[in-house]
Amino acid sequence: MCVPSARACFLSRTTNLRTVSNVNEFKLALEDTDYGNDIFAGQDAGGLEVQGLRGAMKEKLYKEIVHLIANSVYPLNAFLTQMLHGF
C-alpha cells in the first residue's frame, strides 16, 4: 500500500491509465496495485461491468477515508467526517 506517498504512488500509475481504451485494459493497468486487489475481488473474470467497478471504487475510497479519520485528530477528522456525510 502506498499510504505515505499516496499522491506520488497514484500519479506514477496515471501514465498507464491514460492509454486505457476499455475495461479489460483498465483491469490490467490496476492489477498490480492494492487498488486492483480490492476493486476486482468481487468481479467475475468473464464480465466486468462499469457499474460494478464504480461501486467497488467508491467502497475502496470510503474505506480509505474512514481509515484516515480513525488515524487523524481534530480538525482534519471533523472535515473528513463532514465530507463523508453525502457519501
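Read the figures in this text as sums done on the coordinates, not as results from a lab. Because the structure is predicted, anything quoted here is derived from the model rather than measured. Note: ideal-geometry Cβ built from the backbone for every residue, glycine included; neighbour counts use all protein chains shown.
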- Note on the structure: Sequence order, segment 29-38: Karplus ³J(HN,Hα) from phi using 6.51 cos²θ - 1.76 cosθ + 1.60, θ = phi - 60°, Hz rounded, Gly and Pro as x, gives 5, 9, 4, 7, 8, 5, 5, x, 4, 6
- Hey, fewest Cβ within 10 Å first, where do Arg54, Arg18 land in order? Arg18, Arg54
